[in-house]
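Quick note: the coordinates plus some simple rules give every number you see, no bench work behind them. Keep in mind that this is a model prediction, so the values were computed, not measured. Backbone-built Cβ (ideal geometry, glycine too); neighbour counts: all protein chains shown.
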Amino acid sequence: MTAPYYPQMPENSLVVLIGPSGAGKTTIANTWPASQVLSLDALREVVSDDAGDQDATGDAVAALHLLLEARMRRRLFTVIDATNVTSASREPLIAAAKRHDMLPIALMVSTPGTVCVDRQGARPANRRVPEEAVIRQRQDMVNSQRRGLKSEGFTEVAYSESLYQLLPFLERLSEKRQADLGLDNGDCLGDLLLPRRVFGPEILPLWRWKDGSNIVGGDRVAEIRLGQMYLTLAFRPNVDGEGDYGFDVAVPCPHDYKCTGYAWVPAYSVTCLFRALNGDLDYDQDIVCTVHGPNTDEDQDHDPEGRADLEAQYAAAVRE
C-alpha cells in the first residue's frame with residue numbers, strides 16, 4: 001500500500017523521479033517494491049548485459065515504454081527510475097499515464113550538484129557520468145522547475161525530502177525477513193526456509209525437526225542424519241538476546257574432564273557442521289563458533305541435578 005507516504009500518492013499513480021545522475025534516485029526508488037519500479041539502468045543491462053552501455057539506451061527506453069504501457073493498462077502503481085530531466089523524456093511517460101486515467105506525479109530529487117559529481121567517483125568506470133554532463137542534467141532539472149512541471153501535465157510535484165517512506169520500507173523488509181525465516185505462516189518451504197538459508201539447500205533432504213524434544217529447555221530441536229552419523233541442532237529464536245535467529249549444534253563438552261555431557265556451539269554455516277561432526281570445531285582457534293550452554297563447570301556447581309536431567313533427556317532423544 002502507498003497510503004503511508006507523504007505527500008499522498010494514490011494507488012493509481014505514476015511517480016516520475018527527476019534528478020541528475022548521482023542524485024540518489026535509485027536509493028529512493030528501492031524503497032518501493034522492486035516490481036513497481038522501472039529502472040532505465042536495469043533495462044539497459046537487460047538488453048545489453050551492461051547497465052553502463054550508453055549505446056543500449058535507445059533499446060532500454062523502448063523497453064521501458066513498453067513495460068510502462070502494460071502497467072498503466074493494468075492501473076498499477078509505478079515508479080520510473082531515470083534522470084527524466086528534460087520535457088522530451090517526460091512527455092511519453094505523462095501521456096501513458098493519462099491514456100489510462102493514471103495520476104502522473106513528479107518527484108524531484110534536488111541533491112546539490114557538487115554532491116552528484118562527487119558520487120561519480122565511487123561508481124564503476126562504466127557507470128560514471130562526466131562532470132559536465134551531470135551539471136547539464138541538474139541545470140535541465142532546474143529549468144524544468146522554473147517553467148512549471150504541472151504545465152506539462154503532472155497532477156502533483158513532490159520533493160524527495162518530504163517523503164515519509166522509512167516506516168513502510170522497514171515494514172516490508174521485516175515481512176520479507178520473516179518470510180525468509182519461515183516465520184510468517186506461509187506455505188512455501190515453511191520451517192525449512194531457515195535451515196536452507198543458513199546451511200544451503202543440499203542439507204534439506206537430511207533435515208528432520210524433532211518436535212516434542214525438550215533437551216534444550218523449550219527451543220526447537222532438529223537432526224541431520226545420514227546412516228549412522230548424525231548431528232543434533234537447537235533452533236535459537238533469540239540469539240545472544242539480540243532478537244536474531246540461528247542454530248546451535250551439540251558437541252561433546254570440550255576442554256573439561258569433569259563434563260561428560262554435551263555443549264552447544266553456534267553453527268553459522270555448513271562448515272561449522274562439518275567441523276562439529278569431525279570433532280575439531282572447538283579446537284580450531286580460527287573458528288568463531290564458541291561453546292556456550294548449560295554444560296559448564298559453573299552450571300554443574302549451581303545446578304547439578306538440572307545438568308544431569310538435561311544429559312538424560314539428550315541421551316533419550318538421540319536414541320529415538
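Over all directions, what mean area does the Cα convex hull of segment 104-164 project, stated in square nanometres?
Quarter of the Cα hull surface area: 5.2 nm².
What FRET efficiency, computed as 1/(1 + (r/R0)^6) with R0 = 56 Å and r the Cβ-Cβ distance, is obtained for Arg197 and Arg146, rounded to the nearest 0.05?
According to the calculation, E is roughly 0.65.
Considering just Cα atoms, how many Å³ per residue does the convex hull of segment 49-181 enclose?
Spelled out: Cα convex hull of segment 49-181, divided by residues, is 163 Å³.
What is the local net charge at Gln120, summed over the other residues whose Cβ is closer than 10 Å to its Cβ (Lys, Arg +1; Asp, Glu -1)? Before the final figure, lay out each step's value.
Numbers: positive: Arg119, Arg123, Arg127, Arg128; negative: Asp118, Glu131.
Taking every Cβ under 10 Å from that of Gln120, the sum is +2.
For Ala125 and Leu206 in one chain, what is 0.36 nm times their gap in residues minus the Cα-Cα distance, to one decimal in nm?
24.6 nm
Subtract the Cα-Cα distance of Glu132 and Ala88 from 0.36 nm times their separation in residues, and report this length gain in nm to one decimal.
13.8 nm
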